[in-house]
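A.B. asks: If you scroll down you'll find the structure; I have some questions about it.
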Amino acid sequence: MTLPARLLLLADSRLPAGGHAHSGGLEPAVTAGAVADVAGLARFLRGRLATAGLVSAALAAAACAHAAGGASGWRWDVLDAEADARTPSPAQRAASRAQGRSLLRAARRTWPHPALDALAALRAPHQPLVQGAAAAAAGGAPPDAAAVSAYGAVTGPASAAVRLLGLDPLAVHRALADLAPEVDAVAARAARVPADWAGLPAPSAPLLDLYAERHLGAGLRLFES
């Protein structure tokens, strides 16, 4: 799959959408001693990709399809409720909505589109919904939205690991390169949007949920989530 330049902007960590303030659960995993080196990071990223990453990518693909075809009546509230149902941790829901709000602000300035304006009625939509709608606004299709989301599910925590643990950036990027086929596989699965959103993937990651709740009460932390 080749992403056009406009979609590469959406995948770029330098997009001013506040992603740098979130570790995707990596910081509490480090605090718990579950991640201490590149090998541990690779295991964490693989697990996150197969669970929360798949959920986010599937929601992004569904949002992209809806943005492209829902001009007669967008139902963002319904898809947002599906995202809520797949995010059992209150801390994770809050983080997703905070990132969604920031991304929506950047997306509406970068790729003006009626679907994004309609999504803004939610005030703080989940991040994957904004990713998908922004991908549609940038001329992308559901597989593109899924790819951007799956990619971000591993690159965000990987970047946080360099800052938290002082890992060798070259070694971290080697780990990301090794994960690339799995990122593609997750994106391909996520891109198969069912007619009924209730059929979207919903794998669970209880440990990530527990980490998120523990992180919320931490007295000292570098990242918001």
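The values are calculated or read from the model by the stated rules, or taken from the named source; none is laboratory data. The model shown is predicted, which means the values in this text are computed figures rather than measured ones. FYI the Cβ positions are ideal-geometry reconstructions off the backbone, even for glycines, and counts take in every protein chain you see.
A.B. asks: Within the stretch 47-92, how many residues turn out to be over 21 Å from residue 144 (Cα atoms) and in contact (Cβ under 8 Å) with a residue 24 or more places away in the chain?
C.D. replies: The number of residues fulfilling the criteria is 12.
A.B. asks: Every residue in the stretch 35-49 that is out of contact with any helix residue (DSSP H, G or I) (no Cβ under 7 Å at 6 or more places or on another chain) and surrounded by 16 or more Cβ atoms within 10 Å (Cβ to Cβ), please.
C.D. replies: Matches in the stretch 35-49: 40, 47.
A.B. asks: Follow-up question, since we're still on this one. Looking at the stretch 101-130, which of its residues are of a type in the set (Val, Ile, Thr) and crowded, with 20+ Cβ neighbours inside 10 Å?
C.D. replies: Answer for the stretch 101-130, where residues must be of a type in the set (Val, Ile, Thr) and crowded, with 20+ Cβ neighbours inside 10 Å: just 130.
A.B. asks: Here is a follow-up. Where residues in the stretch 198-214 are within 18 Å of the chain's Cα centre (by Cα) and among the hydrophobic types (A, V, I, L, M, F, W, C), which of them is surrounded by the fewest Cβ atoms within 10 Å (Cβ to Cβ)?
C.D. replies: Restricting to residues being within 18 Å of the chain's Cα centre (by Cα) and among the hydrophobic types (A, V, I, L, M, F, W, C), the top hit is 202.
A.B. asks: For residue 57, all conditions in the list (1) more than 14 Å from the chain's Cα centre (by Cα); (2) modelled with pLDDT of 95 or more hold save one; what is the number of the exception?
C.D. replies: (1)
A.B. asks: Here is a follow-up. With among the small types (Gly, Ala, Ser), at pLDDT 95 or above and under 19 Å from residue 36 (Cα atoms) as the only criterion, which of 150, 187, 175 stands out?
C.D. replies: 175
A.B. asks: Do any helices (runs of 4 or more DSSP H) lying entirely in the stretch 1-119 carry at least 1 residues that are more than 23 Å from residue 187 (Cβ to Cβ), and which ones are they?
C.D. replies: Per the criteria, 26-31, 38-48, 76-85, 90-110, 114-119.
A.B. asks: Does residue 134 count as over 20 Å from residue 35 (Cβ atoms), buried (at least 23 other Cβ atoms within 10 Å of the Cβ) and not charged (D, E, K, R)?
C.D. replies: It is true that residue 134 is over 20 Å from residue 35 (Cβ atoms), buried (at least 23 other Cβ atoms within 10 Å of the Cβ) and not charged (D, E, K, R).
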